[in-house]
Amino acid sequence: MNPLNHVAIIMDGNGRWGLKNKNSRNAGHKAGLVTVEKIIKASIKRKIKFLTLYAFSTENWKRPKKEVNYLFTLLENFLTKKLNNLNNQNIKLNILGNKKFSKKLNNLLNKAEKITFNNKNLQVNLALNYGSKLELIDALKKLNKSKKKINEKNLSGYLQTKNIPDPELLIRTGNTKRLSNFLLWQLAYSEIFFIKKLWPDFSEEDFYKIIKQYKSVKRTFGNVI
Ligand code: IPE
Ligand code: IPE
Ligand code: MG
């Protein structure tokens, strides 16, 4: 059975779910947050150590201002309301991406990271204003400046995911088969599951089913068995 320490998820399909069910894309984002909470709990149940959630890409700034603002307000409210609860569940919150948000949200994110820093149950990496190409360029610049040898280990050490093992499993909901600038380096050998369901419809059972399937995949890493 394959070990599973790190699951990464591209939580796609909120907008379409919202339009279909409530005639509003933003309603889909709100519903998507409920799924986030469910999948965090399910990850703890399955003893997963790292859960990385793609919440906002560097490309998502192209969206209408009303939607972008709604997303960040949703996150602000969530953190204000749920930070203590996350902390009590021994969850560590870590932000991937550049924190270039309102002062209020930046402060909240920093506070959440600080308070939960030593928690050990599950590390939730929230990718916010994250883009893999930008991450790689920043890492290469730092590596170049350091004068260290250019190799895999040294480059990985300058990524925002340093100290985090690569995801063994990537799930993308929303019936789209692409990576959308997410963890391009780190996903080099991940098992990828593209799921038709929209993110708000994704359930614990769907998650457990994928994990079960993943566990029995023959992972060869270029070798022959
Ligand atoms: C993903 O859902 C969530 C974010 C990008 C914030 P979408 O908003 O992309 O949903 P669809 O793909 O438009 O349905
Ligand atoms: C990817 O979804 C980003 C997040 C889930 C946060 P998008 O809906 O933005 O990606 P594209 O536009 O389908 O590539
Ligand atoms: Mg989408």
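The values are calculated or read from the model by the stated rules, or taken from the named source; none is laboratory data. Note that the structure is predicted; figures quoted are calculated from it, not measured. Here the Cβ is made from the backbone with ideal geometry for all residues, glycine too, and neighbour counts use every protein chain on show.
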Task: One residue from LYS30, LYS65 being surrounded by fewer than 20 Cβ atoms within 10 Å (Cβ to Cβ), farther than 21 Å from PHE207 by Cβ and basic (Lys, Arg) - done: LYS65
- [ ] Could you please let me know if LEU170 is within 22 Å of GLY13 (Cα to Cα), out of contact with any helix residue (DSSP H, G or I) (no Cβ under 9 Å at 6 or more places or on another chain), part of a strand (DSSP E or B) and at pLDDT 95 or above?
- [x] yes
Open item on the list: Here's a check for you: in the stretch 1-29, which residue that is among the charged types (D, E, K, R) and more than 17 Å from the chain's Cα centre (by Cα) is farthest from ligand 3 (Cβ to nearest atom)?
Closed with: LYS22
- [ ] Would you mind finding the one in LYS92, LYS81 that is closer than 19 Å to THR35 by Cα, of a type in the set (D, E, K, R) and surrounded by 15 or more Cβ atoms within 10 Å (Cβ to Cβ)?
- [x] LYS92
Open item on the list: Test of understanding: among ALA55, ALA31, which residue is of a type outside the set (Ser, Thr, Tyr) and touching a Gly at 6+ places or on another chain (Cβ under 8 Å)?
Closed with: ALA31
TODO: Filter the stretch 183-193 down to the residues that are of a type outside the set (S, T, N, Q) and within 22 Å of THR58 (Cβ to Cβ), then identify the one that is surrounded by the most Cβ atoms within 10 Å (Cβ to Cβ).
DONE: LEU183
Task: Hits in the stretch 158-194 (condition: within 14 Å of ligand 2 (Cβ to nearest atom), without any contact (Cβ under 8 Å) to a residue 60 or more places away in the chain and touching a strand residue (DSSP E or B) at 6+ places or on another chain (Cβ under 6 Å)) - done: LYS177, PHE194
TODO: Pairs only if they're at least six apart or on different chains, beta carbon under 6 angstrom, first in the stretch 24-44 and free of Cβ contacts under 8 Å to residues at least 40 places away in the same chain, second crowded, with 19+ Cβ neighbours inside 10 Å; list them, first residue then second.
DONE: SER24/GLY18; ALA27/GLY18
- [ ] Would you mention how many residues in the stretch 5-60 are within 14 Å of ligand 1 (Cβ to nearest atom), within 21 Å of PHE193 (Cα to Cα) and polar (S, T, N, Q)?
- [x] 3
